[in-house]
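Have a look at the structure below before the remarks.
The values are calculated or read from the model by the stated rules, or taken from the named source; none is laboratory data. Here the structure is a predicted model, which means the values were calculated and not measured. Methodologically, a virtual Cβ is constructed for each residue, glycine included, from the backbone with ideal geometry; neighbour enumeration extends over all protein chains shown. Surface areas here come from the heavy atoms of the whole protein model, side chains and all, with no ligands, DNA or RNA. Shrake-Rupley method; radii C 1.70, N 1.55, O 1.52, S 1.80 Å.
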Amino acid sequence: MTNIAVFASGTGSNARCLADYFAHSSCARVRLIVSNKPDAPVLSIARERHIPTHVIDRISFYESEQLLTVLNEYKIGFIALAGFLWLVPPYLVRTYWQRMVNIHPALLPAYGGKGMYGMRVHEAVKAAGERETGITIHYVNERYDEGDIIFQARCYISSEDSPEEIARKVQALEHEHYPKVLERLICPKTELRL
Ligand code: GRF
């Protein structure tokens, strides 16, 4: 059984999907939710599901390696970032090399990088008059949104779509694909659940 830690700081809709999907898996489960915000809604999602939580502060995250002790305690084998906005420090990238992924709400390398998150991404996509957008799941390295791409899915945008409508389409893709792509990475022998 591979224990997954989900790092999230926002509403946690992807964290919820991952937790619920892997609740039925014999190969992996969401064992810990890590957040940098003590009041993030994702923590309530974790508590409702009896998943332990860990709140980190900036100093211990960047100036110590204490988080590794916590991840060891829960025997975490894989990390999924889902709306975690802090740049991941080198000690964590190294320890979880090729075992840490992120989901980004656009088709990288476009619309990525520092400051490109949430509605800013969808507003930029709309402003550029794009006819399609999508999601990217990629490995995490020491730079924002630059790790090797594992998977992308696309959706069509009409010229009438507002940034909010674009966000809804992208979120639907995220919820559909993130759990399955993680399952393929972590449990390669598992039959794909359709
Ligand atoms: C998602 O759009 C994801 O792509 C990005 O952060 C957002 C998190 O949303 N990295 P949620 O908190 O899972 O609803």
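Restricting attention to the stretch 2-186, close to 40% of DSSP beta bridges with both partner residues there are antiparallel. Provide the FRET efficiency to the nearest 0.05 for the Glu132-Cys27 pair, computing r from the beta carbons and using R0 = 25 Å. FRET efficiency, Glu132 to Cys27: 0.15. Of Arg58, Arg184, Arg31, the residue with the greatest mean-square motion in the GNM of the chain, using alpha carbon springs below 10 Å, is Arg58. For the chain, the longest principal axis of the alpha carbon atoms and the long axis of helix 13-22 meet at an angle near 60°. Net length available on complete extension from Cys187 to Tyr74 is 38.8 nm, with 0.36 nm assigned per residue and the Cα-Cα distance removed. Annotation: amide H of Ile150 within the under-5 Å range of Ile137, His138, Tyr139, sequence separation 5 or more or interchain, hydrogens built in the peptide plane. Here the Kirkwood formula, the inverse mean of 1/r across different C-alpha pairs, assigns the chain a hydrodynamic radius of 17.0 Å. A simple spin-label model places the labels of Ser162 and Glu146 3.6 nm from each other, with each point 7 Å out along Cα-to-Cβ.
When the chain is treated as a GNM with alpha-carbon contacts under 10 Å, the residue of Thr136, Thr69, Thr11 showing the greatest mean-square fluctuation is Thr69. Tyr21 contributes an accessible area of around 40 Å² to the protein surface, as traced by a 1.4 Å probe with all chains present.
Here the simple spin-label model places points 7 Å from the Cα toward Cβ, and for Val55 and Asn3 these points are separated by 2.2 nm. Counting only residues at least eight positions apart within a chain, or on another chain, the lysines with an alpha carbon under 21 Å from that of Lys189 are Lys180.
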